[in-house]
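Below: the structure, in structure tokens.
The values are calculated or read from the model by the stated rules, or taken from the named source; none is laboratory data. Keep in mind the model is a prediction, meaning the values are calculated, not measured. Cβ sites come from the backbone with ideal geometry, for glycine too, and all protein chains shown count toward neighbours. For the accessible areas, the whole protein counts, side chains as well, though only heavy atoms, and no ligand, DNA or RNA atoms are used. Shrake-Rupley method; radii C 1.70, N 1.55, O 1.52, S 1.80 Å.
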Amino acid sequence: MHRPKSMLFGAVAAICYALLPPTGATADPVAGLTPVAVAPGIHALVGPLGQRDADNLGNNATFGVIETDAGAVVIDSGGSRRGAEALLKAIHTLTAKPVVAVINTGGQDHRWLGNGPFHDMGAAIYATEAAIADQKDRADMQFMVLENLIGAEGLAGTEAVYADTAVSEETTLTFGSTTVVLIPAGPAHTPGDMLVWLPQSRVVFAGDVVFLDRLLGILPVSSSSGWLEAFGRLEALDPNIVVPGHGSPAPLAKAQAQTRDYIASVRAAIGTLIEDNGLIQDAPTIDQSAYAALPGFDSLAGRNAQAVYQEMEWE
């Protein structure tokens, strides 16, 4: 399988939502990932909120494991081969069942660059058609970034292993008695974002459609308008618990406050700026102070505003 060439690349939040009761028991971190019980047999593995680095091996995101009669289903595979191995170490503290499936919820590196070890053990790997295309388009860049951030040792052995099952429409999978619904939702944070819905427990793994406990990032490949539409699809599910792509599981209201409302507020402010003939260099001056307490605000807020300006200028 192809491993893109490595080069050097520079690395590339919401209102302070009132603290809510925990969604479940939190265990001590394993391999840098904190297990959080979401529902019986369902866990989130919460990684750090900061940048990728040699310690987290690219696993600066939230992952998931669903224990079923047929085996374990894993949500996202980690940011490198060694990151996947760390993720497997954490998974093995939660279940002794073999991993039978991995679901890549989008195109960011920590959603799929750990696919290799899971592929080697025979797990089926799912992603949307748009996510696979995005992964192929950005793989070289992602390897460049990761070599800079986690180092050659951290990246060792990592290969670009793509999903063997491409999802183009809502798809229902059955693992023993557990139903898992794959819902293509992008473009949002990335072109191929996907929601993973567990109707029996009313839990949704939202991938990068939802960021909690830190400011979200709007990328050159993001669509802020599409992101709001994707969030609407999530809201229509009426979940009890949302497991975000970054941050800890929480009720829907927190996701609305820290993801939906932030994007909507930036779009509203940029819309006014454009109507007033403001320029892109003015975009970082819009008022985002309601979200200033979220980690990442200082580095992301201005860039988010400019990304939305570039998108809305042509709407």
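Observations on the structure shown:
- Computed helical MRE - 222 nm, the chain, DSSP H runs ≥ 4 contributing -39500 (n - 2.57), nearest 500: -9500 deg cm²/dmol
- Over all other residues within a Cβ to Cβ distance under 14 Å of residue 64, the charged ones net out to -2, with Lys and Arg as +1 and Asp and Glu as -1.
- P(r) of the chain over all Cα-Cα pairs, binned every 10 Å from zero, in whole percent: 6, 29, 37, 22, 5, 1
- Coordinate range along principal axes, alpha carbons of the stretch 157-315, Å, largest first: 57, 34, 32
- Charged neighbours of residue 203, selected by a Cβ distance under 14 Å, balance to -1 (K, R count +1; D, E count -1).
- Charge sum, other residues only, whose C-beta stays under 11 Å from residue 178's C-beta, Lys/Arg counted +1 and Asp/Glu -1: -2
- Solvent exposure of the chain, expressed per residue, is 39 Å² of accessible area, with all protein chains present and a 1.4 angstrom probe.
- Taking only protein heavy atoms and a 1.4 Å probe, the accessible area of the chain is 53% carbon and sulfur.
- Evaluated at q = 0.26 Å⁻¹: base-10 log I(q)/I(0), Debye formula over Cα of the stretch 246-315: -1.18
- Summarising the amide proton neighbourhood of residue 188: residues at separation of 5 or more, or on other chains, whose placed amide H is nearer than 5 Å comprise 193, 223.
- Since only 59, 189, 105 are under comparison, the one whose Cα sits farthest along the positive direction of the charge dipole of the stretch 58-199, derived from C-beta charges on Lys, Arg, Asp and Glu, is 59.
- Convex hull volume per residue, computed on the Cα atoms of the stretch 237-282, equals 94 Å³.
- Shape of the stretch 91-198, Cα gyration tensor, a/c cut at 1.5: oblate
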